[in-house]
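Below: the structure, in structure tokens.
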Amino acid sequence: MADRLLTVAEAGEMLGTGERFVRRLIAERRIRYVKLGRPVRIPESAVAEYVDARTVEPVRRTRARYGKAA
């Protein structure tokens, strides 16, 4: 089944940004897109891949014990 093709405005809404940011991603070839003549559409999966690729997982560290007697 084919992905739903999003407009630039819809992709911006999904990312929580404006159209300008999405257009910059397209211009810099940082996100997949489909060119339909002049209009541009972004596959829904491309937005999900973009988010997944830039998601930073939290680091779990053990806390050092301070004031410990030797």
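The values are calculated or read from the model by the stated rules, or taken from the named source; none is laboratory data. The structure displayed is predicted, hence computed values, not measured ones. Every residue, glycine as well, gets a Cβ built from its backbone with ideal geometry; the counts of neighbours run over all protein chains shown. Keep in mind that these areas ignore ligands, DNA and RNA; they rest on the heavy atoms of the full protein, side chains included. Shrake-Rupley method; radii C 1.70, N 1.55, O 1.52, S 1.80 Å.
Points worth noting:
- Segment Met14-Ala53, extension gain: residue separation times 0.36 nm, minus the distance between their alpha carbons: 12.5 nm
- Take the Cα of Arg60, step 7 Å toward its Cβ, do the same at Ser45, and the gap between the two points is 3.2 nm.
- Cα-centre dipole for the chain with unit charges at Cβ (Lys and Arg positive, Asp and Glu negative), debye to 20: 520
- P(r) weight above 19 Å for the chain, C-alpha pairs, percent: 43
- Accessible carbon and sulfur surface of the chain relative to its total accessible area, %, 1.4 Å: 50
- Sites count as exposed loop sites when they are trypsin sites (Lys or Arg not before Pro), lie in a DSSP loop, and have at most 10 other Cβ atoms within 10 angstrom; the longest stretch of the chain without one is 1-28.
- Accessible area per residue for the chain, computed on protein heavy atoms with a 1.4 Å probe, is 87 Å².
- Here Asp3 sits with roughly 70 square angstrom of accessible surface, probe radius 1.4 Å.
- If you sort Leu36, Leu6 by accessible surface, 1.4 Å probe, largest first, the order is Leu36, Leu6.
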